[in-house]
Amino acid sequence: MASVIDSPPSRTAVQKLLARAAGRTHVEVGEVVYPEPDLVTIHDGFSEGAYRELSALGYRALRHPERIMFVTDHEVAYSSPAAVSRGTVIRDISKRWDIGHFFDVGRGGHGHLFPIENGMVRPGMVVFSYDMHCTTFGAVGALAFGVGPEVTTVLATGTLWTQVPATIRVDLVGRLPRGSHARDVGFVLTKGLAENRWAVDYDYRVIEFGGPGAETFDLAGRVALCNSVTELGIASVLFDVAPPDVERAQFAAFASDPHAAFEARIEIDLGQIEPQVALPGGPENAVPVGDAKGRPIQHAFIGSCGSGMYEDFADAAALLRGRRIADGVRMFIVPGSVQTAQRLAGDGLSQIFMEAGAMLLPSGCGPCANGLMAPLGTGEVSISTAAINHSGRFGAPGGEPYLGSPLTVAASALAGRIVDPRDYVDTI
């Protein structure tokens, strides 16, 4: 009698990537594994803390310093003596620990963006990071976990116990209407999850984007989607569709199998998405832009890990070309990387922003880094593409921060109040 050979079980992308990083043939959802990340990223807000903690424990060297990346992206303008001193200390730490990838002021930009652009983060990689917004790396099919202060354990041992998360599959169909943006899709999804619209538990789950609509997004759109749901407490986010510059066959090795066991599936029709704004308090407070239309603003910025790619600025520049920002509004442009800043200058987009009355800030987090640059004042209203809009995030706790797409922010800056970007997009 002929023997029957069992076919290999169907696996999600998360299971495949964690199994590979843990040196296993397969892993199960809920199982605890010890993956060794391909890259570990830490920004300037925690470099000193990690060094102090490990030094106090007697550590003089790291497990895999060649895999560690230090990034200065929060306080890049050194606006105080303390910031100057901190920069000096971080440079010294990077030498003492022989850090493999150190991007000082003016060398890289935002740590959640430029590693995608320069190829340091690639499809199929596993990344651990101090900061939760590393989920942007899912735009190219990398699996990134924000582990917070526990990143010191990774520095010391090379790994961290990790429970394999379940996956929620989000199938995108159709195409976005003119005036709508990937950021609007992210707001709709975030609000729907928070309000239990689809009756799924999102806590410590991976959100996986796929479907024919996913193929319509450029890299900037992918980043915006991967960033939007992070604040809810999900484990990570990634695209199951190959990025535009990656061969499908190369990507298929770690993509989810056709019959993978997703915990839940959600379908979103992109054709039904209209522009959104997130009311102060969090991205989950999203509403159609009409619900906030007319609110006067004094502060606006485009950038941060939410929407800081070249295409985001190109979309905004198309609206601002030949126009002036409203009196009483100060607008800031924060390129996500030095490379993007160079492209904006070379293509003439920086000139468009300056002629419109906007100010260009150094590449990095911008005002989203707790208002270290271009802060929001007490009683002022802001609209931006930031990742977070909790009270006090951009400076004074009495400010009122709204979130929107690059199109909504640019149109609102022109009007001096929150407006529907479709009223402006139709004029270009």
TODO: Take the eigenvalues of the Cα gyration tensor for the range 24-75, scale each by 5, and report the square roots as semi-axes in whole Å, largest first.
DONE: 27, 15, 11
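Quick one: with all protein chains in place, what share of the accessible area of the chain is carbon or sulfur, to the nearest percent (1.4 Å probe)? Don't jump to the answer; show the numbers that get you there.
Numbers: 8280 of 16580 Å².
In the chain, the share of accessible area belonging to carbon and sulfur is 50 percent.
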Open item on the list: Need the full-extension length gain, R324 to S79, defined as separation in residues times 0.36 nm minus the C-alpha distance. One decimal, nm.
Closed with: 85.3 nm
TODO: Kindly give the semi-axes, whole Å and largest first, of the ellipsoid equivalent to the range 300-428, taking each as the square root of 5 times a Cα gyration tensor eigenvalue.
DONE: 21, 17, 12
TODO: Work from the charge dipole of the range 24-74 (Cβ charges, +1 for Lys and Arg, -1 for Asp and Glu, about the Cα centre) and give the residue of G58, Y34, S47 farthest towards its positive end.
DONE: G58
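So for the range 173-269, averaging the separation of alpha carbon pairs under 8 Å that are six or more residues apart and normalising by length, what relative contact order in percent results? Mind showing how you got there, number by number?
On the way: 98 pairs, mean separation 33.8, N = 97.
Computed value for the range 173-269: 35 percent relative contact order.
What length, rounded to one decimal in nm, is gained on full extension from T378 through to D347, with 0.36 nm per residue of separation minus their alpha-carbon distance?
Details: separation 31, 0.36 × 31 = 11.16 nm, distance 3.65 nm.
That works out to 7.5 nm of additional length.
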Task: Residue (of C134, L344, V425) at the positive-pole extreme of the chain, dipole from beta-carbon charges - done: L344
Task: Helical mean residue ellipticity (222 nm; -39500 (n - 2.57) per DSSP H run of 4+; nearest 500) of the chain - done: -7500 deg cm²/dmol
Task: For the range 352-428, accessible area per residue (1.4 Å probe, heavy atoms of protein chains only), Å² - done: 30
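With an 8 Å cut-off on Cα pairs and a minimum separation of 6 or more residues, tell me the relative contact order of the range 21-76 in percent. Present the calculation step by step, with values, prior to reporting the outcome.
Details: 39 pairs, mean separation 23.8, N = 56.
Relative contact order, the range 21-76: 42 percent.
In µm²/s, what is D for the range 1-113 at 25 °C and 0.890 mPa s, where D = kT/(6 pi eta Rh) by Stokes-Einstein and Rh is the Kirkwood radius from Cα pairs?
Details: Rh = 17.0 Å.
The calculation lands on 145 µm²/s.
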Open item on the list: Can I get the semi-axes of the chain's equivalent ellipsoid? Compute them from the C-alpha gyration tensor as square roots of 5 times the eigenvalues, in angstrom, largest first.
Closed with: 34, 28, 18
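Could you give the length gained by full extension between E215 and R295, i.e. 0.36 nm per residue of separation minus their alpha carbon distance, to one decimal place?
Details: separation 80, 0.36 × 80 = 28.80 nm, distance 3.49 nm.
Gain on extension, E215 to R295, equals 25.3 nm.
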TODO: Run the quick spin-label model on W198 and W161: label points 7 Å from Cα toward the beta carbon, then report their separation in nm to one decimal.
DONE: 3.1
Open item on the list: Can you work out the Karplus-derived ³J(HN,Hα) for every residue in the range 230-236? Use 6.51 cos²θ - 1.76 cosθ + 1.60 with θ = phi - 60°, whole Hz, and x for glycine or proline.
Closed with: 4, 5, 5, x, 6, 7, 5
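Per residue, how large is the accessible surface of the range 149-227? Use a 1.4 angstrom probe and give square angstrom. Mind showing how you got there, number by number?
Working: 2580 Å² over 79 residues.
With all protein chains present, the range 149-227 gives 33 Å² per residue.
If contacts are Cα pairs under 8 angstrom and at least 6 residues apart, what is the relative contact order of the chain in percent?
This gives 17 percent for the chain.
Two decimals is fine: what's Rg over Rh for the range 317-388, C-alpha atoms, Kirkwood radius as Rh? Show your work: numbers first, answer last.
Values: Rg = 12.6 Å, Rh = 13.0 Å.
Reported Rg/Rh, Kirkwood definition of Rh: 0.96.
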Task: Backbone N under 19 Å from the D98 label point (7 Å along Cα→Cβ), restricted to the range 55-92 - done: 55, 58-70, 91-92
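Rounded to the nearest 0.05, what FRET efficiency is calculated for E53 and R178 with R0 set to 51 Å and r the Cβ-Cβ distance? Don't jump to the answer; show the numbers that get you there.
On the way: r = 51 Å, r/R0 = 0.99.
FRET efficiency, E53 to R178: 0.50.
The values are calculated or read from the model by the stated rules, or taken from the named source; none is laboratory data. These figures come from a predicted structure and were not determined experimentally. Here the Cβ is made from the backbone with ideal geometry for all residues, glycine too, and neighbour counts use every protein chain on show. Remember, those area values only see protein heavy atoms, side chains included, never the ligands or the DNA or RNA. Shrake-Rupley method; radii C 1.70, N 1.55, O 1.52, S 1.80 Å.
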